[in-house]
1. With angles folded into 0 to 90 degrees, how steeply does helix 250-265 sit against the dominant principal axis of the chain? Use alpha carbons for both and round to 10.
2. For the chain, state the semi-axes of the equivalent ellipsoid (square roots of 5 times the eigenvalues of the alpha-carbon gyration tensor), sorted largest first and rounded to whole angstrom.
3. Taking 35 Å as R0, compute the FRET efficiency from the Cβ-Cβ separation of residue 241 and residue 89 and round it to 0.05.
4. Enter the angle in degrees (range 0 to 90, nearest 10) between the Cα long axis of helix 165-174 and the first principal axis of the Cα atoms of the chain, meaning the one along which they spread out most.
5. So, in Å, what gap is there between the alpha-carbon centers of the stretch 26-72 and the stretch 107-130?
6. Could you put 68, 229, 239 in order, starting from the residue whose Cβ has the fewest other Cβ atoms within 10 Å?
7. Gaussian network model of the chain, Cα springs within a sub-10 Å range: biggest mean-square fluctuation belongs to which of 66, 183, 238?
8. Going by a ≥ b ≥ c, the root eigenvalues of the Cα gyration tensor, does the stretch 57-190 fall in the rounded group (a/c under 1.5), the prolate group (a/b larger than b/c) or the oblate group?
Ligand SMILES: NC(=O)c1ccc[n+]([C@@H]2O[C@H](COP(=O)([O-])OP(=O)(O)OC[C@H]3O[C@@H](n4cnc5c(N)ncnc54)[C@H](OP(=O)(O)O)[C@@H]3O)[C@@H](O)[C@H]2O)c1
């Protein structure tokens, strides 16, 4: 699950991990081992299961053992936000942290999910977001994490639609100063959208949120933040609705990991080979 890239035998190996519950299926150790090998960084990256009520204790124990940084996944991103002493802009906006760095006596918190999504769309798939009409399905942690970097690309407007409507309207209000953004329910979706991003957990159940057949514009793009070996339910929906491209979130996973790696090591790894190997 982990690998060490060696520089010299006397150099200390820096420790990193992903912390979550559950954590067994995480691909992050593989991804970071590949980044470390590629950039010749002497580090070890493992997966750490924390008890649901024991996140802070687990982080502190890892830190006391000399750990340099953690990726944080479900269900601990909000707790990580509260634990951090300093936050980057995306984490402040998201009120969620997926990257912790232990620097001297401080805990620094960042959120790299949104940068990961934007890079996957813009750089890996050459899909421009500027001036586009974007629909986001869901209002959970993942959607919170991507809104600031997404709005920074200057889309024409963003609509957030969610099963629990108040969560979408509240979220849209929180980001209103960053662009034209509205919230509502699935039945409020009217305009055809150039890009539809599914950030709900519905794909986990093989379900597509109940959106109209007409909400995808001609030549529109569908993107599911979830990824799987086979097409997810939403990727299938996109193909059935003649999307120009219907993509899953594996690229987002790799790109957010690359940004965490950059935060920790100051080096941006190349992602294309890693993504190719994971596929
Ligand atoms: N590729 C990546 O790097 C990456 C990173 C982060 C997350 N993700 C993926 O993003 C998805 C969401 O994660 P999250 O952390 O945001 O989860 P979360 O905080 O639990 O939020 C779940 C969201 O899904 C909605 N939902 C759940 N079941 C639904 C259903 N049957 N029909 C319609 N809506 C439903 C919820 O609506 P309510 O508010 O009404 O409950 C909520 O908006 C997951 O599939 C996760 O794997 C991918």
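Laboratory data are not the source of any read-out in this text; all were calculated from the coordinates shown. Owing to the predicted nature of the structure, the values given are computational and were not obtained by experimental measurement. No Cβ is skipped: glycine too gets one built from the backbone with ideal geometry, and neighbour counts run over all protein chains shown.
1. The helix 250-265 is inclined about 40 degrees to the chain.
2. Value: 33, 20, 16 Å, ordered largest first.
3. Efficiency for this residue pair is about 0.50.
4. 70
5. Here the answer is 22 Å between Cα centres.
6. Ordered by Cβ neighbours within 10 Å, fewest first: 229, 239, 68.
7. 66
8. Taking the square roots of the gyration eigenvalues as a ≥ b ≥ c, the stretch 57-190 is prolate.
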